[in-house]
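Every read-out reported here was derived from the displayed coordinates using simple, explicitly stated rules and does not represent laboratory data. The model shown is predicted, which means the values in this text are computed figures rather than measured ones. When we count neighbours, we look across all protein chains shown, and the Cβ atoms used for this are built from the backbone with ideal geometry, even at glycine.
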Amino acid sequence: SPPNKQLRELFDQAGFAPLWRIGHIWVNPNQKVCFQMSDFEARDLTEGLNGELGFRLIDWRDGFAQISVDIDHRHKNRQGGLHGGVTATLIDAATGFCGVYETDPEKRRGNVTVSLTVNFVGRAKTGTIICTAEVVRAGRRIYFASARVHDSDDNLVATAEAVYAYTDVNAQRKPSSS
């Protein structure tokens, strides 16, 4: 079966059940390719706030990024629920990644957030949340992205829209001259 509940439902609705996996490709019984999985290997994000919060980049390709986090005491607000700032930071990370994918690290661009609008629409009911972000439109200087945050049971937690400006990848790391 497909790798997660959301995909399983999509393929059931489209009449693609059952599916078989052949390498990184999922096919239906008529041997039509339904989708191809990325060769991307998930990795922990270790720099800055993303590292401090335990974010994990689980998929990254052109115009797409998916980041997860296992919720623990660091991520809770004073009422014991998931802190909205953690959700917003997760969205910022995923929408940031989705717009700068490049297989050649020498060509990779940096970015800065211009605008981020988050809609908190539900509560996380499980211990892991996943943000899926996609580029909506990209130009030479800026790009627009959208995101959805679900818990591991596919309950919708938040939606978002973001705008980023492309920068030199090392722009924020350079010391300022005084």
May I ask you to list the residues of segment 47-77 whose amide nitrogen lies under 20 Å from a point 7 Å from Cα along the Cα→beta-carbon direction of ALA138? 57-68
Dipole of segment 91-178, Cα-centred, from +1 at each Lys and Arg C-beta and -1 at each Asp and Glu C-beta, to the nearest 20 debye? 340 debye
Residues in segment 122-145 reached by a label modelled at GLU102 [backbone nitrogen below 15 Å; 7 Å Cα→Cβ]: 139-143
Could you give the Stokes-Einstein D for segment 75-146 in µm² per second, using the C-alpha Kirkwood radius, 25 °C, 0.890 mPa s? 177 µm²/s
Just the Cα atoms of segment 49-178, one point each, no solvent: what log10 I(q)/I(0) does Debye give at q = 0.14, 0.16 Å⁻¹? -0.61, -0.77
Rounded to whole Hz and in sequence order, give me ³J(HN,Hα) for segment 77-89 from the Karplus expression 6.51 cos²θ - 1.76 cosθ + 1.60, θ = phi - 60°, writing x for Gly and Pro. 8, 5, 8, x, x, 5, 6, x, x, 5, 4, 5, 5
Whole-Hz Karplus couplings 3J(HN,Hα) for segment 52-58, θ = phi - 60° and coefficients 6.51, -1.76, 1.60, Gly and Pro as x, run 4, 8, x, 5, 10, 7, 9
